[in-house]
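Just below is one structure, and these are the notes that go with it.
What follows draws every value from the coordinates through simple rules; no lab data is involved. Worth saying up front: this structure is predicted, and the values here are computed from it rather than measured. Every residue, glycine among them, receives a Cβ derived from its backbone with ideal geometry; neighbour counts consider all protein chains shown.
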């Protein structure tokens, strides 16, 4: 069986935090370093405060940008009133990808036990762009990136991966009447 070529995805990284700066953003930096080392292109990186409107505006801008194929956000996925990243994403979702959050929490349970139920990590297809929401903790980011995203963003991963679907997502009609 022939091995597929590696396809470097164009990734934007969003850190949602009221307290971090780019210098102290270990979670966002982990995403940049790990996926960059895997061969992907980090085409944008931004930090925004925990504001539903600001988060949504940045997500919408990247979703509308044809250069951005994948957005990975870290932070704002907990249960406190300031954690609004899933709410910011909700109106932009074309197709939810519930298996991502389910798998993230299953893997996380093995690492941190029942505390994983406080995570609202999720993923969705928004137009032609994949969006993944990860916790703000570097440990949570490491779990999501190392144990799910590295393989699912690798076009050589079999039997299937998110990257191999990008040409179809970009070129097929939505099927909606």
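With the structure loaded, tell me whether residue 74 is surrounded by 14 or more Cβ atoms within 10 Å (Cβ to Cβ), touching a strand residue (DSSP E or B) at 6+ places or on another chain (Cβ under 6 Å) and over 25 Å from residue 154 (Cα atoms) or whether it fails that test. Talk me through it step by step, then tell me what you get.
Details: surrounded by 14 or more Cβ atoms within 10 Å (Cβ to Cβ): yes; touching a strand residue (DSSP E or B) at 6+ places or on another chain (Cβ under 6 Å): yes; over 25 Å from residue 154 (Cα atoms): no.
No; evaluated as a whole, the condition is false for this residue.
Check whether at least one residue in the stretch 98-106 is assigned to a helix (DSSP H, G or I), closer than 19 Å to residue 149 by Cα, touching a strand residue (DSSP E or B) at 6+ places or on another chain (Cβ under 7 Å) and touching a residue at least 60 places away in the same chain (Cβ under 8 Å), and report yes or no. It would help to see each step written out before you state the result.
Going through the stretch 98-106, the residues assigned to a helix (DSSP H, G or I) turn out to be 98-106.
Next, only the ones that are closer than 19 Å to residue 149 by Cα stay: 98-106.
When the remaining residues are screened for being touching a strand residue (DSSP E or B) at 6+ places or on another chain (Cβ under 7 Å), the result is 100-101.
Within this subset, residues satisfying the condition of being touching a residue at least 60 places away in the same chain (Cβ under 8 Å) are none.
No: the stretch 98-106 contains no residue that is assigned to a helix (DSSP H, G or I), closer than 19 Å to residue 149 by Cα, touching a strand residue (DSSP E or B) at 6+ places or on another chain (Cβ under 7 Å) and touching a residue at least 60 places away in the same chain (Cβ under 8 Å).
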> What number of residues in the stretch 114-151 are surrounded by 17 or more Cβ atoms within 10 Å (Cβ to Cβ) and free of Cβ contacts under 8 Å to residues at least 24 places away in the same chain?
Replying inline: 1
> Based on what the data block shows, is residue 13 under 13 Å from residue 133 (Cβ atoms), buried (at least 20 other Cβ atoms within 10 Å of the Cβ) and touching a strand residue (DSSP E or B) at 6+ places or on another chain (Cβ under 9 Å)?
Replying inline: yes
> Are any residues in the stretch 22-37 surrounded by fewer than 20 Cβ atoms within 10 Å (Cβ to Cβ), in contact with a strand residue (DSSP E or B) (Cβ under 7 Å, 6 or more places away or on another chain) and touching a residue at least 24 places away in the same chain (Cβ under 8 Å), and if so, which ones?
Replying inline: 22
>> Out of everything in the stretch 77-89 that is surrounded by fewer than 22 Cβ atoms within 10 Å (Cβ to Cβ) and touching a residue at least 12 places away in the same chain (Cβ under 8 Å), what residue ends up being nearest to residue 162 (Cα to Cα)?
In response: 86
> Within the set of pairs 6+ apart or on separate chains, which have a first residue in the stretch 38-54 that is without any contact (Cβ under 8 Å) to a residue 40 or more places away in the chain, a second that is surrounded by fewer than 16 Cβ atoms within 10 Å (Cβ to Cβ) and in a helix (DSSP H, G or I), and C-beta atoms under 7 Å apart?
Replying inline: 42/36; 48/54; 52/87
> Restricting the search to the stretch 120-135, which residues are touching a helix residue (DSSP H, G or I) at 6+ places or on another chain (Cβ under 6 Å) and not in a strand (DSSP E or B)?
Replying inline: 120, 121, 127, 128
> Among 167, 159, which is over 14 Å from the mean Cα position of the chain (by Cα), more than 12 Å from residue 100 (Cβ to Cβ), free of Cβ contacts under 8 Å to residues at least 24 places away in the same chain and not in a helix (DSSP H, G or I)?
Replying inline: 159
